[in-house]
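Asker: One structure, pasted below without further comment.
Every read-out reported here was derived from the displayed coordinates using simple, explicitly stated rules and does not represent laboratory data. No experiment lies behind these values; they were computed from the predicted model shown. Backbone-built Cβ (ideal geometry, glycine too); neighbour counts: all protein chains shown.
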Amino acid sequence: MDVCHKCGNPQIIIKRKQSGQMLCQECFIKSIQEKVLKDIRKQNLVEKGDKVLVALSGGKDSVMLLDILNNLRKRRIIDLVAVTIDEGIYDYREDGVNIAAENAELLGVKHRIVSFKDYLGHTLDEIMADTGDRNACTYCGVFRRWILNQVAREEGASRIATGHNLDDEAQSILMNYLEGNIQNLTRIGVRSESSYEGFTVKIKPLREIPEKETALYVVARDLPVHLAGCPYAGDSFRAKVRDFLKEISLDHPTIMYSTLRGFDKIKPVLKREFSKKSSMGICEDCGEPSASRICKACSFRRLWD
Ligand code: SF4
Ligand code: ZN
């Protein structure tokens, strides 16, 4: 009979394909929390006294991240602020914002909602209608990072934590290989490493947790999450790479780990050979850190201003 490998409980909720390990609900929650907290310690992702801004969309990954980081807040190791960005996506984002607020309130974490409309003057829907471009995710990602960096400074945060999981990271690695974006590859990792003072260090504490397990975690912990998919997601290159990786994972369950492990091994070489030598400067338009004269967000903003 199948029983939990940790405590012998016959009610197992997961059988890990990679290792064959079976766990009950309680032991699964504990194993995930221990793994994430151990990764944070091992990789030195936070230090005592850090104020961590959690990018909280209301989706399963960011909700799980806030729940686990809250352990460190309760032990007074770090301070937390959750920030939800309302991109202005009709019939989608509002529910996510409400669920994010519900989670922050449940955990007693300070929560801020900031919008594209406030910071850019336009919603993502308006930008897409204006530009006629189909690739919403390109704009969305650039503007979200731009806004988060500003909010982190406003909040005095020393870290920005995002809920990227193993699947997300494997997708980013593969996408950039396929597109030949070697510069982007040099920036992928568990923490951003810019020492520039206007740039808040970004960390990804869930980088080694498979997406399936983040989904199971929020169910096991009975946390409210926003399950709807973004209406723009279907168009993206990322969605195609995600489907491709998922399909190979059926026969090769460790493929995402090996993608990550292999990449982490060659990254120091990539950085040495391909990192842009130019030092970080200031965007002439907005004053945010930028490797070029005008940052990416401002070059996009010029498309409609
Ligand atoms: Fe933004 Fe694309 Fe994510 Fe939608 S799927 S929220 S457009 S990055
Ligand atoms: Zn700029």
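Asker: Quick one: which residues, 5 or more positions from A161 or on another chain, have an amide H under 5 Å from its amide H? H modelled 1.01 Å from N in the peptide plane, none for Pro or chain starts.
Answerer: Residues meeting the criterion, in which the H sits 1.01 Å from N, are L53, V54, A55, I203.
Asker: If amide hydrogens are placed 1.01 Å from N in the peptide plane, which non-local residues have theirs closer than 5 Å to the one on I113?
Answerer: Answer set, sorted by chain and number: T84.
Asker: Next question, about the same structure. With the cut-off at 1.5 for a/c, could you classify segment 1-42 from its C-alpha gyration tensor as rounded, prolate or oblate?
Answerer: prolate
Asker: Which residue, M22, Q33, G8, has the largest displacement toward the positive end of the dipole of segment 1-42 when charges sit on each Cβ (Lys, Arg +1; Asp, Glu -1)?
Answerer: Of the options given, the answer is Q33.
Asker: In terms of modelled amide H atoms, which long-range or inter-chain residues lie less than 5 Å from the amide H of I13?
Answerer: The list, which skips near neighbours in sequence, is L23, C24, Q25.
Asker: Between segment 110-183 and segment 213-266, how many Å separate their Cα centres?
Answerer: The distance from the Cα centre of segment 110-183 to that of segment 213-266 comes to 18 Å.
Asker: Next question. Ignoring everything except DSSP H segments at least 4 long, calculate the 222 nm mean residue ellipticity for the chain; use -39,500 (n - 2.57) per segment, divide by total residues, nearest 500.
Answerer: -15500 deg cm²/dmol
Asker: If you don't mind, there's one more thing I want to ask. Any idea what the dipole of segment 44-173 comes to, in debye rounded to 20, about its Cα centre with Lys/Arg Cβ at +1 and Asp/Glu Cβ at -1?
Answerer: It comes to approximately 780 debye.
Asker: Taking θ = phi - 60°, what integer Hz values does the Karplus form 6.51 cos²θ - 1.76 cosθ + 1.60 yield along segment 106-117, in sequence order, with x for Gly and Pro?
Answerer: Karplus-based 3J(HN,Hα) across segment 106-117 equals 4, 8, x, 9, 4, 10, 10, 10, 10, 10, 4, 4 Hz.
Asker: By DSSP, what percent of the beta bridges with both residues in the chain are antiparallel, rounded to the nearest 5?
Answerer: Bridges in the chain that DSSP calls antiparallel: roughly 25 percent.
Asker: May I have the pair-distance distribution P(r) for segment 7-154, computed from all Cα-Cα distances with 5 Å bins from 0 and rounded to whole percent?
Answerer: Calculated over all Cα pairs of segment 7-154, the distribution is 2, 8, 15, 17, 16, 13, 12, 9, 5, 3, 1, 0 percent.
Asker: For segment 46-277, take N as its residue count and report Rg(C-alpha) divided by 2.2 N^0.38 Å.
Answerer: Here the answer is 1.01, to two decimals.
Asker: Can you tell me the dipole magnitude for the chain around its Cα centre, using point charges on the Cβ only (Lys, Arg +1; Asp, Glu -1), in Debye to the nearest 20?
Answerer: 1480 debye
Asker: For segment 152-204, how big is the tail of P(r) above 13 Å, as a whole percent of Cα pairs?
Answerer: Of all Cα-Cα distances in segment 152-204, 63 percent exceed 13 Å.
Asker: Check cross-link reach from K48 to the aspartates and glutamates: straight Cα distance under 14 Å, and skip same-chain residues fewer than eight apart.
Answerer: Hits, sequence-local ones excluded: D79.
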